[in-house]
Amino acid sequence: MRKFLFIIILAIISMVGLLAKPALTQKRVPTFDEAVAVIKKYEGMHSPKHWPLVGYGHKVLSGEKYKRGVQLSEKEADRLLRSDLKKLCARYRSFGPDSLLLAVLAYNIGIGNVGQSSIITKLKAGNRDIKDTYVAHCRYRGKVNSQIQRRRHEEFELLYVH
């Protein structure tokens with residue numbers, strides 16, 4: 001009887017261990033709101049003196065309704081940022097879980113620069129070892145900028161799906 005009870009207890013412990021294991025190995029999926037927050041943190045609200053950038057770094061294009069010298073409200077800037085980021089996410093949708101990370105990078109350095117980067121080449125080849133390549137996009141006027149480097153590290157840690 002004791003042996004039987006011992007075997008049942010071991011079986012229950014094993015089952016609990018098996019059931020608990022998937023929860024430990026689940027991947028954390030970054031959220032769109034986290035991406036918006038990190039962009040807001042590093043872009044900050046642009047003032048009229050930053051024209052043609054408005055809101056949180058939106059570059060005004062020909063034909064858009066934004067006027068030089070006019071400050072966007074927080075609500076308008078947030079709406080514009082979310083709209084821009086959704087478009088970028090759609091553009092990189094084929095990269096699956098990496099689409100949000102690529103969209104955030106493109107928001108800052110531009111679609112053309114992301115398209116020409118070795119990050120895209122690596123991901124297309126199935127190489128997910130992109131941290132160094134991602135963080136390397138931290139130059140301003142040819143020199144490494146410590147704040148941009150900090151931003152890249154934070155974006156990667158927050159938005160990269162391991």
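The values are calculated or read from the model by the stated rules, or taken from the named source; none is laboratory data. Small disclaimer: the values here were computed from a predicted structure and weren't measured. Quick reminder, even Gly has a Cβ in these numbers, built from the backbone with ideal geometry, and neighbours come from all protein chains shown. Just the protein is used for accessible areas: all its heavy atoms, side chains included, with ligands, DNA and RNA removed. Shrake-Rupley method; radii C 1.70, N 1.55, O 1.52, S 1.80 Å.
In the complete set of protein chains, residue-level accessible area for Leu72 is approximately 20 Å², probe 1.4 angstrom.
Available extension along the chain between Glu76 and Lys41 is 10.9 nm, counting 0.36 nm per residue and deducting the alpha carbon span.
Any chance you could run the full-extension gain for Glu34 through Asp132? It's 0.36 nm times the residue separation minus the Cα-Cα distance, nm to one decimal. Using 0.36 nm per residue and subtracting the Cα-Cα distance, I get 33.1 nm. Counting heavy atoms of the protein chains alone, Ile111 has an accessible area of about 70 Å² for a 1.4 Å probe. Going by the alpha-carbon gyration tensor, a ≥ b ≥ c the square roots of its eigenvalues, is the stretch 70-153 rounded (a/c under 1.5) or, if a/c is not under 1.5, prolate (a/b greater than b/c) versus oblate? Note, shape of the stretch 70-153 comes out oblate.
Given +1 on the Cβ of Lys and Arg, -1 on the Cβ of Asp and Glu, and no further charges, what dipole in debye does the stretch 25-73 carry about its Cα centre, rounded to the nearest 20?
On the way: 9 positive and 4 negative charges, 21 e Å.
It comes to approximately 100 debye.
Across Asp78, Asp98, the residue with the most accessible area heads the list, and the full order at a 1.4 Å probe is Asp78, Asp98. Summing +1 for each Lys or Arg and -1 for each Asp or Glu among the other residues whose beta-carbon sits under 11 angstrom from that of Ala106 gives +1.
Between the stretch 120-162 and the stretch 26-68, the alpha-carbon centres lie 19 Å apart.
Residues of the stretch 36-61 with the amide nitrogen closer than 15 Å to a label point 7 Å from the Cα of Lys87, along Cα-to-Cβ, please. What the label zone holds, given the 15 Å backbone N cut-off, is 53-61.
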